[in-house]
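Worksheet: the structure to be examined is printed underneath.
No lab work stands behind these numbers, since they all come straight from the coordinates. None of these values were measured; they are calculated from a predicted model. FYI the Cβ positions are ideal-geometry reconstructions off the backbone, even for glycines, and counts take in every protein chain you see.
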Amino acid sequence: MTSTGGNETVSTSKTPAEPNTPAKEPRSFEDGELLLEVDGLGKHFPVTAGLLRRQVAAVKAVDGVSFSVRKGETLGLVGESGCGKSTTGRMIMRLLDPSFGKITFEGQDITRMSQGRLRPLRRDLQMIFQDPYSSLNPRKTVGAIVGAPFKLQNIEAKQGVKKAVQEILELVGLNPEHYNRYPHEFSGGQRQRIGIARTLALKPKLIIADEPVSALDVSVQAQVVNLLEDLQDELDLTYVVIAHDLSVVRHISDRVAVMYLGKIVEVADRADLYERPMHPYTNALLSAVPIPDPAERGERKRIRLQGDVPSPLDPPPACRFHTRCWKAQEICKQVEPPLEELSPGHYAACHFPENTTVSATDAVAKARVSTAKAAADEPAE
Ligand SMILES: Nc1ncnc2c1ncn2[C@@H]1O[C@H](COP(=O)(O)OP(=O)(O)OP(=O)(O)O)[C@@H](O)[C@H]1O
Ligand code: SF4
Ligand SMILES: [Mg+2]
């Protein structure tokens with residue numbers, strides 16, 4: 001169990017595998033199964049004003065998220081635009097300093113590690129960015145781009161850097177002869193392959209792929225997703241795939257974590273999450289995903305969420321989803337629902353979860369007791 005600075009908890013232990021929960025939960029760093037653990041991680045961006053640039057508010061981009069990633073798995077991180085997915089990914093990569101919480105990679109606490117000490121770890125931790133156009137330097141050749149990590153890390157490839165780079169180009173489905181070409185000579189899909197080749201140069205252990213296909217034509221999205229899957233098998237990679245598109249995440253993930261306004265509201269094995277979503281927000285997101293089979297289409301009702309996502313400058317209290325939730329009750333506005341394991345390996349943060357026999361969580365019961373107590377303690381007028 002990992003606590004998240006008081007407001008959110010994800011247990012990383014799981015009861016023995018049940019028929020409907022095939023993906024095994026990560027256990028510990030000691031047994032070599034766990035690769036990454038994020039515990040109560042948060043990022044508040046200060047908002048400043050005036051000549052002295054005094055802090056007047058904070059954008060609570062990520063507000064205490066916890067999850068683990070085991071070796072060889074793919075964890076999908078989904079949610080609407082602005083919910084804090086990229087900020088979470090960037091903190092794990094240490095491209096952003098967390099405001100609070102802890103990041104453990106292979107048993108090492110890297111939360112506040114200096115850039116100097118992080119340098120050797122940069123080999124193991126890599127990121128694929130959304131936009132293959134802006135993430136590649138247009139003035140550098142493909143050879144220079146994909147070979148750059150060798151230089152940065154002072155690594156000599158046995159067969160020479162050029163040969164090593166050409167092998168990687170081949171691995172990602174590009175022609176090794178393209179070594180001397182420039183990014184503008186490639187299509188969007190090919191450019192994303194160059195970006196992937198660059199991350200693979202030093203054989204990383206964990207790749208954070210932030211919207212790896214959303215800037216690509218639908219026709220090439222599947223090719224790049226398939227490539228990521230093939231590379232995972234071949235090179236024993238572990239992925240955290242960030243996307244707002246639930247179809248992409250469904251295709252590639254073993255487990256899925258759903259984010260809403262800086263918090264994780266549900267985590268489950270992929271099949272479990274898509275077939276039995278427990279959090280109303282997940283249910284609403286899934287109801288908007290087009291179903292190709294017309295026979296199945298009729299069964300699912302589209303849930304239209306009312307209103308916009310509230311501002312992370314001033315998120316709603318208690319359950320952050322209560323301003324848009326059709327099931328919201330008084331308690332949802334007063335008590336934050338903890339992320340609880342409601343069935344083996346399936347966690348949801350909701351007082352009135354769906355698709356479960358649990359009608360109201362322990363937290364509700366406890367909260368009701370404390371609300372009742374508080375009311376009883378209040379002096380009569
Ligand atoms: N450097 C920054 N300074 C201030 N606010 C920021 C900064 N970076 C991100 N934010 C804010 O933090 C929130 C989360 O942003 P983030 O980019 O992590 O969202 P996201 O889930 O990746 O969204 P998208 O799907 O659009 O990429 C947003 O409200 C964003 O405006
Ligand atoms: S806690 Fe209440 S408001 Fe929040 S998702 Fe559950 S039912 Fe909706
Ligand atoms: Mg993003």
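Tell me, what is the FRET efficiency for E234 and I303 to the nearest 0.05, using R0 = 35 angstrom and their Cβ-Cβ distance as r? All intermediate terms of the calculation are to be shown ahead of the outcome.
Values: r = 40 Å, r/R0 = 1.13.
For R0 = 35 Å, the calculated efficiency reads 0.30.
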Quiz item: How would you rank 313-319, 278-284, 124-130, 58-64, highest first, on the average number of other Cβ atoms within 10 Å across their residues?
Solution: 278-284, 58-64, 124-130, 313-319
Quiz item: Given the C-alpha centroids of segment 318-340 and segment 201-269, what is the distance between them in whole angstrom?
Solution: 29
Quiz item: Rg to Rh for segment 74-219: what is it, with Cα atoms only and Rh by Kirkwood?
Solution: 0.98
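Using a 10 Å cut-off around each Cβ, can you sort K205, K140 from fewest to most neighbouring Cβ atoms? Intermediate results must be reported in sequence, preceding the final value.
Details: K205 19, K140 14.
So the residues, fewest neighbours to most, are K140, K205.
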Quiz item: What is the distance, in nm, between label points placed 7 Å from the Cα along the Cα-to-Cβ direction at K163 and at D217?
Solution: 3.7
Practice problem: Take the cross-link list K60/K151; K140/K203; K102/K333; K140/K205; K43/K205 and give me the ones stretching past 32 Å between alpha-carbons. | Solution: K60/K151
Quiz item: Measuring from label point to label point, each 7 Å out along Cα→Cβ, what is the L95 to S287 span in nm?
Solution: 3.5
Quiz item: Hey, how much of the P(r) for segment 131-203 falls beyond 18 Å, as a percent of Cα pairs?
Solution: 27
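With +1 on the Cβ of every Lys and Arg and -1 on the Cβ of every Asp and Glu, and nothing else charged, how large is the dipole of segment 131-203 about its Cα centre, in debye rounded to the nearest 20?
Numbers: 11 positive and 6 negative charges, 36 e Å.
Dipole magnitude for segment 131-203 comes out near 180 debye.
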